[in-house]
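Input: a single structure, listed below in structure tokens.
The values are calculated or read from the model by the stated rules, or taken from the named source; none is laboratory data. Predicted, not measured: the structure shown is a model, and the values here were computed from it. Note that each Cβ is placed from the backbone with ideal geometry, even for glycine, and that neighbours are counted across all protein chains shown. Note: areas computed on protein heavy atoms with side chains; ligands, DNA, RNA excluded. Shrake-Rupley method; radii C 1.70, N 1.55, O 1.52, S 1.80 Å.
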Amino acid sequence: MKSKYSALPYYVWMALFTIAPLILVLVFAFTDNNGAFTIENISQVGEYTNVLVRSVWLAAVATVICLLIAYPLAYIMSRLGPSKQRTMVMLIMLPMWMNFLLRTYAWMTILENNGLLNRFFGLFGVGPFDMINTQGAVVLGMVYNYLPFMILPLYTIMVKIDNRVIEAAQDLGASPLKVASSVVLPLSVPGISTGITMVFVPAVSTFIISRMLGGGGNLLIGDLIDLQFLGNAYNPHLGSAISLVLMVIILLCMSVMNQFGEEEEREGMLI
Amino acid sequence: MSTNTIISLKDIVVEFDGERVLEGLDLDIHDKEFVTFLGPSGCGKTTTLRIIGGFVAPKNGDVFFEGKRINDLPPYKRQVNTVFQRYALFPHLNVFENVAFGLKIQKLPEKEIRTRVLEMLELVNLKGFENRGVNQLSGGQQQRVAIARALVNHPKVLLLDEPLGALDLKLRKEMQIELKKIQQSLGITFIYVTHDQEEALTMSDTVVVMKDGDIQQIGTPEDIYNEPKNAFVADFIGESNIVPGIMKKDFLVEFAGRDFECVDSGFTPMEQVDVVVRPEDIKVVPTIAGHITGIVENVTFKGVHFEMEVLACGTHWLIHSTQSQAVGASIGMQIGPEDIHIMHKMEE
């Protein structure tokens, strides 16, 4: 009985800060300035389909790149000695101790037309390249900022894989590639799905990265929402509607991915 | 015997972080033999096994398999399979898939895999468990899966790293007999690592007693028990009384304050030796009839026998007897010539 009451603060917290805002978003999305019911806001979101598609696409690309970089790294880390593991985790966390804005500003100065990289290329007589204000720069910013969120869940899962199980696979004739595909991969599926969620969700709704590295031409859905609340286009009803659509999109993406994850697991079972 | 040597280790040296684990180990293992590496923890027995499996690379020395040097062969190319300590089953696979793992890698036809896996599961008494998850199994069952998973590949040599360590006594004894049966019926070389001397004596054709990265003695269980080469082996294999003595001449040794006839010869006259007497070889007799007189200090009931601690001539003697004596009683101890084992003092 006691445990029932000890959960009470959390229920209150969730009611106040999760359920209530969600209801507010819903109400705003389906009302007009006079408070009357309307679906005009939702249908208006359709005008921004290209922004939605671009957001999902760039976030997906960034997520895949993160996964490709993080997976081998997490595996290598998980097989190191305990003190080396601690150092590596520390090094991966270290950039996160610095302010997010600061890190993204740093990338601006690196990628600018007369920034660090272009000046470096200039020494060899090549360039300058257009790097800032491109979709590539936005993806780079996403990968750089969200990579730790992919590495850490993968590492946490992989560190639990018993070395003896890997040795057992080798002992039974599995080459390194086969060990990776039929033992390590299926056992790390939970880490993969957590990592994807933790990178994709913030990436798809980011607005700082796209504004700073993408210029005005690569507006993302996050920027769009931002504009409705703090920008010139002030329209909280449309902003709420876009947020709602974004949430549905994320939900859809996640369920598709979970489906894929489960299939992966089943495939792993069959080797 | 050397004609059917299957594995040969020559002058193997292993170091972990600068610490020597094996110091120049030489060993020949014969085909179809049940060999046990026996020793206290840290003696290098598991390391030796891992060298044969390919998981540890020796710093120095050579490993031969059927006459071919295999030092640089990775584990997955070796014709040996291992039953790991704590089994190391694949947690994401069921019993059938665990056992089939090796065969699937060999890309055998689905039908053959099925037949062989089912056959093997029957051999280890796990018929009908194919679709169980491995985490739903008891320790004994997991252990059988591990054995089946290794044996199904028909390895020439099976390596077993303390496979029964996590099981309770009764199950362990059953599995010992089962393992021996499997080894004999399949005609495969078993290399077995244990620190349990009784297990080693029960199952092995050959026992290799190890200590501090060195082989102390190689022999049949009877040899090792009856003719231990030094006091360490005597002490480790079963319980024993080890007392200092002097070899007066052939067949005559002095210890515990008097001369005893014995069956050993070939020592330098007046050599300082270790005298080993098994606790069950000391006969309890009335004080007048005994070679030595002692006072009973402690009696423990052990089921089949009583274990007594007797103080005599300044030494505590361990005696196993089917008859109990009162604590504090004076008893005579009789030791026959065949029951006295003379050993050179260990150089230390």
Query raised in the report: Quick one: in region A:148-162, which of the residues that are assigned to a loop (DSSP other than H, G, I, E, B) and aliphatic (A, V, I, L, M) is least open to solvent (accessible area, probe 1.4 Å)?
Result: A:Ile161
Query raised in the report: Can you name every residue in region B:178-225 that is polar (S, T, N, Q) and touching a strand residue (DSSP E or B) at 6+ places or on another chain (Cβ under 8 Å)?
Result: B:Gln183, B:Thr189, B:Thr194, B:Gln197, B:Ser204, B:Thr206, B:Gln216, B:Gln217, B:Thr220
Query raised in the report: Any chance region B:291-303 includes a residue that's on the phi < 0 side of the Ramachandran plot, touching a helix residue (DSSP H, G or I) at 6+ places or on another chain (Cβ under 6 Å) and surrounded by 21 or more Cβ atoms within 10 Å (Cβ to Cβ)?
Result: no
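Table: residues versus (1) open to solvent by 30 Å² or more (accessible area, probe 1.4 Å); (2) within 14 Å of chain B (Cβ to nearest Cβ).
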{"position": "A:Ser188", "(1), (2)": "no, yes"}
{"position": "A:Val199", "(1), (2)": "no, no"}
{"position": "A:Val204", "(1), (2)": "no, no"}
{"position": "A:Gly215", "(1), (2)": "no, no"}
{"position": "A:Gln228", "(1), (2)": "no, no"}
{"position": "A:Ala233", "(1), (2)": "yes, no"}
{"position": "A:Ser240", "(1), (2)": "no, no"}
Query - Filtered residues of region B:121-130 (kept if loosely packed, with under 15 Cβ neighbours inside 10 Å and over 30 Å from the mean Cα position of the chain (by Cα)) - result: B:Lys127, B:Gly128
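For every residue, the table says whether it meets (1) in contact (Cβ under 8 Å) with a residue 40 or more places away in the chain; (2) farther than 13 Å from B:Met343 by Cβ.
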position	(1), (2)
B:Glu199	yes, yes
B:Val209	yes, yes
B:Asp214	yes, yes
B:Tyr225	no, yes
B:Asn241	yes, no
B:Gly245	yes, no
B:Val253	yes, no
B:Ser265	no, yes
Query raised in the report: Here are some residues: A:Leu224, A:Leu185. Which one is of a type in the set (A, V, I, L, M, F, W, C), at pLDDT below 90 and in a helix (DSSP H, G or I)?
Result: A:Leu224
Query - strands (runs of 3 or more DSSP E) within region B:149-223 that include 3 or more residues of a type in the set (Val, Ile, Thr) and either open to solvent by less than 60 Å² (accessible area, probe 1.4 Å) or within 14 Å of another protein chain (Cβ to nearest Cβ) (or both) - result: B:189-194, B:206-211
Report task. Considering every residue within region B:32-39, establish whether at least one is of a type in the set (D, E, K, R), on the phi > 0 side of the Ramachandran plot, open to solvent by 20 Å² or more (accessible area, probe 1.4 Å) and within 9 Å of chain A (Cβ to nearest Cβ). Result -> no
Query raised in the report: Is it fair to say A:Val165 is within 24 Å of B:Leu160 (Cα to Cα), assigned to a helix (DSSP H, G or I), within 13 Å of another protein chain (Cβ to nearest Cβ) and within 27 Å of the chain's Cα centre (by Cα)?
Result: no
**Report entry** Restricting region B:91-120 to residues that are β-branched (Val, Ile, Thr) and under 11 Å from B:Arg149 (Cα atoms), the residue that is surrounded by the fewest Cβ atoms within 10 Å (Cβ to Cβ)
**Finding:** B:Val117
Report task. Could you pull out every one of the strands (runs of 3 or more DSSP E) wholly within region B:225-340 that has 2 or more residues that are farther than 23 Å from B:Glu198 by Cα and of a type outside the set (Ser, Thr, Tyr)? Result -> B:241-249, B:252-255, B:258-261, B:271-277, B:283-285, B:292-301, B:306-312, B:330-334
